[in-house]
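The structure appears right after this line, and notes come after that.
Readers should treat all values here as calculations from the given coordinates under stated rules, not as data from a laboratory. Here the structure is a predicted model, which means the values were calculated and not measured. Counting neighbours? That spans all protein chains shown, and the Cβs are built from the backbone with ideal geometry, glycine included.
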Amino acid sequence: MTDPQPAWWQRAVCYQIYPRSFQDSDGDGIGDLQGIIERLDYLNDGSERSLGIDAIWLNPVYPSPQYDFGYDIMDHQAIDPQYGTMEDFERLLYEAHQRGIRILMDMVPSVTSHLHPWFVESRASRRSPKRDWYIWRDAPRPGKRPNNWQGVFGGPAWTWDVKTQQYYYHNSLPEQPDLNWRNPEVAQAILGAMEFWLRKGVDGFRIDVLNYVYKDERLRSNPHCCGRRPYEMQRHVYDKDRPEAVDAGIRMRQLVDRYPGGMLVAEVYVNDPREAARYYGEHGEGANLVFNFSFMNAPFSAPRLRHEVDRWEQAIGARGWPCYFLSNHDNSRHASRFAAGRATTARARVAAALLLTLRGTPFLYMGEEIGMLDGIVGRHERLDPVGVHYWPFHPGRDVARTPMQWSAAPYAGFSSTRPWLPVHPAFATVNVAAQEADAGSLLRWYRRLIWLRKGSAALSFGGYQALDGVPGGVFAYLRVAGEERVLVALNFAARRRCFGLPGRGSGRCLLGWPERAGDAVDLGHIELEPYGVLIVAL
Ligand code: GLC
């Protein structure tokens, strides 16, 4: 799909903000909306001294008891006082739009908080008009659960309700009952909440676990398979990935399409790209973008990453536009996943060049632009339910959620008081202020890549063609739009690599590591330094 007039979200560079950890403005140790407003110029002030971000995905800021840090929503149409007020939100929207930054809300269609008035009413009695808004079942016999489904965060997925003597289903925590999308009122209520935000002027949504909204109509038990934890010992064919979920995405898309520029990016956390690609819809009538999760499990390896890109390109075909990210709030940060002692920053530089030159919308996760590593969160500091439940076998997700490192000031300039999660001890050197002052820093590299991409039709929405016959450790491809042709060559190896594109003459280096911008590059003899990057106009 190389539309001559691409949609804004095809050209956009997006940035994920975990609001709790971005910037605290009122000194309670928790980030807030006012804090984000204060940092908007960092994201985009219209000049190349900023990151040049086009859209922010905000993790949930709705009222929540925070059992799952906002993914347990009590009211879809309000702001949690911890983060501010609706007026603060409206100001954020206004200030962001002033800078050309769009706002994507996080919408969680499959579950609510157990404290949501819908569930409170549902649980009040078997005859409640909202009983069927959630998934309630009798015990087949005393003490026996309706089927073998497990919670993704550990423990069985059914909780017994003593008062009404039935089980309710929750894929995540017991404090996150699953909605029953087979009841048309539920779909209407979620679409209504989305419309509330669209009317306010938001530009779209990140849809949380879209593939979980429908469960098997007959609630059949999952077949068993081999795995380490009980959840992994089942093939999840009946509790998620039901065909109806694609239709739910299509309905959401129909809604956002009624608002000019509205868009949807879907979280579909599966390993098979063909499965994830289904959520674009057969003819592109589903989600505008679907996150590709395959980089999460890929090592720092040229052939593996190329394989993942090619598989994703193939799976999507002509029906949609790819979407990539390297880190998010649920996984170990890529700077840590790809770390290799003194080469860690060099590797992060190569990874950034990949993310920002591929064909597909890139999403950055806050802090990756300064090379933030996974936080160090002691056992007693753990707050994420996954980390608490699986201690010591799983690092939990707190490590990806530690406060943004703005400066060498106390608490990294994030807050004036002890933050809700500990600041990474490296903040004195790894921070925005230090990297702004250093021309060779990762932050400055991200800025250059982003502005280069924004100024180039080939890099932002051109076609993609991988190059064969390059040496081991190199991933090289062409990006082409009309007459504009750009070669991207990335060296994932710790050794120098040489290769040639005979008969192509020479090109002009647009950006390189080590620095070579402006140099003529002999395409018959291309030299890449260890972890070197070359982006060349042909
Ligand atoms: C999504 C969110 C994650 C949350 C989960 C349960 O995967 O990204 O943070 O815990 O959904 O709703």
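With each pseudo-label sitting 7 Å past Cα toward Cβ, what's the residue 495-residue 138 distance in nm, one decimal?
Placing both labels 7 Å beyond Cα along the Cβ direction yields 7.1 nm.
Hey, got a sec? Which GluC sites (Glu not before Pro) in segment 13-120 land in a DSSP loop and have at most 16 other Cβ atoms within 10 Å? Provide the component values of the computation, followed by the final result.
Working: sites: 38, 48, 87, 90, 95; in loops: 48.
Those that pass, being in a loop and sparsely packed, are 48.
Using the Cα centre as the reference, give the magnitude of the dipole from point charges on the C-beta atoms of segment 27-150 (Lys, Arg: +1; Asp, Glu: -1; all else neutral), rounded to the nearest 20 debye.
In total the dipole reaches around 1240 debye.
So for the chain, averaging the separation of alpha carbon pairs under 8 Å that are six or more residues apart and normalising by length, what relative contact order in percent results? Before the final figure, lay out the partial values.
On the way: 1189 pairs, mean separation 67.4, N = 538.
Answer for the chain is 13 percent.
Run through segment 428-516 and list the GluC sites (Glu not before Pro) located in a DSSP loop whose Cβ has at most 13 other Cβ atoms within 10 Å.
483, 515
Can you give the net charge of the other residues whose Cβ lies under 14 Å from the Cβ of residue 230, counting K and R as +1 and D and E as -1?
Net charge around residue 230: +2.
I'd like the projected area of the chain, averaged over all directions, using the convex hull of its alpha carbons. Report it in nm² with one decimal.
Values: hull surface 97.4 nm².
If I average the Cα hull's projected area over directions, I get 24.4 nm².
Grab the Cα-Cα distance for residue 297 and residue 417, subtract it from 0.36 nm times how many residues apart they are, and report the gain in nm with one decimal. All intermediate terms of the calculation are to be shown ahead of the outcome.
Numbers: separation 120, 0.36 × 120 = 43.20 nm, distance 3.57 nm.
Full-extension gain reported as 39.6 nm.
What shape does segment 42-88 take by its C-alpha gyration tensor, where a ≥ b ≥ c are the square roots of the eigenvalues and a/c under 1.5 counts as rounded, a/b above b/c as prolate, and the rest as oblate?
Numbers: a/c = 3.50, a/b = 2.44, b/c = 1.43.
It is prolate, given that a/c is not under 1.5 and a/b is the larger ratio.
Count charges around residue 192 for me, please; just the other residues with Cβ under 14 Å from its Cβ, Lys/Arg as +1, Asp/Glu as -1.
On the way: positive: 199, 200, 251, 258; negative: 75, 185, 195.
Combined, the nearby Lys, Arg, Asp and Glu give +1.
Note down the net charge around residue 431, summing +1 for each Lys or Arg and -1 for each Asp or Glu among other residues with Cβ under 12 Å from its Cβ.
That works out to -3.
Tell me, in nm to one decimal, what length is gained between residue 121 and residue 86 on full extension, where the rule is 0.36 nm per residue of separation less the Cα-Cα distance?
Net length gain for the segment: 10.0 nm.
Just check segment 60-130 against the gyration tensor rule for me: Cα atoms, a ≥ b ≥ c as the square roots of the eigenvalues, rounded for a/c under 1.5, and otherwise prolate or oblate depending on whether a/b exceeds b/c. Write out the running numbers ahead of the final one.
Values: a/c = 2.82, a/b = 2.65, b/c = 1.06.
The shape class here is prolate.
Segment 117-169: D in µm²/s via Stokes-Einstein (Kirkwood Rh, Cα pairs, 25 °C, 0.890 mPa s)? Mind showing how you got there, number by number?
Numbers: Rh = 11.5 Å.
D = 213 µm²/s.
Can you spot the aspartates and glutamates whose alpha carbon is less than 15 Å from residue 454's alpha carbon? Ignore those fewer than 8 places along the same chain.
45, 48, 54, 484
Could you grab the Rg to Rh ratio for segment 374-429? Cα atoms only, Kirkwood for Rh.
1.01
I'd like the antiparallel share, as a percent to the nearest 5, of DSSP beta bridges with both residues in the chain.
60
With the cut-off at 12 Å, report for segment 343-405 the share of all Cα pairs above it, as a whole percent.
72
Can you figure out the FRET efficiency of residue 438 with residue 224, using R₀ = 41 Å and their beta-carbon distance, to the nearest 0.05?
The computed FRET efficiency comes out at 0.15.
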